[in-house]
Amino acid sequence: MNELKKEERSWWSRNWKWVVPTGGCLTLIILAVILLGSAIFGFVNKVQSSSGGDAAFEIVKNNPAIIEALGEPIEKDGFGSFHVNYENGAKTAEASFPIKGPKGSADVEIKSSGDGETVNYELFQVTIEHTSQIIDLRENQLEKADY
């Protein structure tokens, strides 16, 4: 007897009917997550920048008293919290974020107001954690800041 061998179909020809829709849906879900994550990241960075956090961090990391307390390099140690309010052309902002250096860590707190040309710091201080020392940086007012 002569047995006829059935030709075996490839994996793709057996499974394409469920792979294509599943792969397409999975791709759309991954793209949506990436786009949403990018939008959230961009929004957080914009609020952080608008609150004066970036400009304040530049002052903090170049301050001799803070460098002495924390060492160099000084870097951000997390996101922190940022709040910006615009009202009648005036802007108020509050920010707090952790920083760290080789010798320890600290918290930066900022409350500021301004009209875009100048920034007035009502509170601009760094609290060194291991000593509870508070360094007041209000004398480092920024003029024509990216506020």
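How much net charge surrounds GLY101 when only other residues with a Cβ under 12 Å from its Cβ are counted (Lys, Arg +1; Asp, Glu -1)? Working shown, then result.
On the way: positive: LYS61, LYS76, LYS100, LYS103; negative: GLU68, GLU72, GLU75, ASP77, GLU129.
Net charge around GLY101: -1.
What's the extension gain from VAL33 to ALA65 if we count 0.36 nm per residue and subtract their Cα-Cα distance?
Working: separation 32, 0.36 × 32 = 11.52 nm, distance 4.31 nm.
Contour length minus Cα-Cα distance gives 7.2 nm.
Treating segment 70-115 as a set of equal point scatterers at the Cα positions, no solvent, please give the Debye-formula log₁₀ I(q)/I(0) at q = 0.14, 0.22, 0.23, 0.28 Å⁻¹.
For the requested q values the scattering log ratios are -0.43, -0.72, -0.75, -0.91.
For segment 33-114, please report how many Lys pairs fall under 20 Å Cα to Cα, leaving out neighbours fewer than 8 apart on the same chain.
Step by step, the pairs that qualify in segment 33-114 add up to 11.
Whose amide H sits under 5 Å from the amide H of GLU129, counting only residues 5 or more places off or on another chain, with H placed in the peptide plane?
Result for GLU129 returns SER105, ALA106, ASP107.
Any idea of the accessible area per residue across segment 5-133, 1.4 Å probe, to the nearest Å²?
On the way: 8440 Å² over 129 residues.
So segment 5-133 comes to 65 Å² accessible per residue, rounded to a whole number.
The values are calculated or read from the model by the stated rules, or taken from the named source; none is laboratory data. The structure presented is a predicted model; accordingly, all values stated were derived computationally and were not measured. Every residue, glycine among them, receives a Cβ derived from its backbone with ideal geometry; neighbour counts consider all protein chains shown. Just the protein is used for accessible areas: all its heavy atoms, side chains included, with ligands, DNA and RNA removed. Shrake-Rupley method; radii C 1.70, N 1.55, O 1.52, S 1.80 Å.
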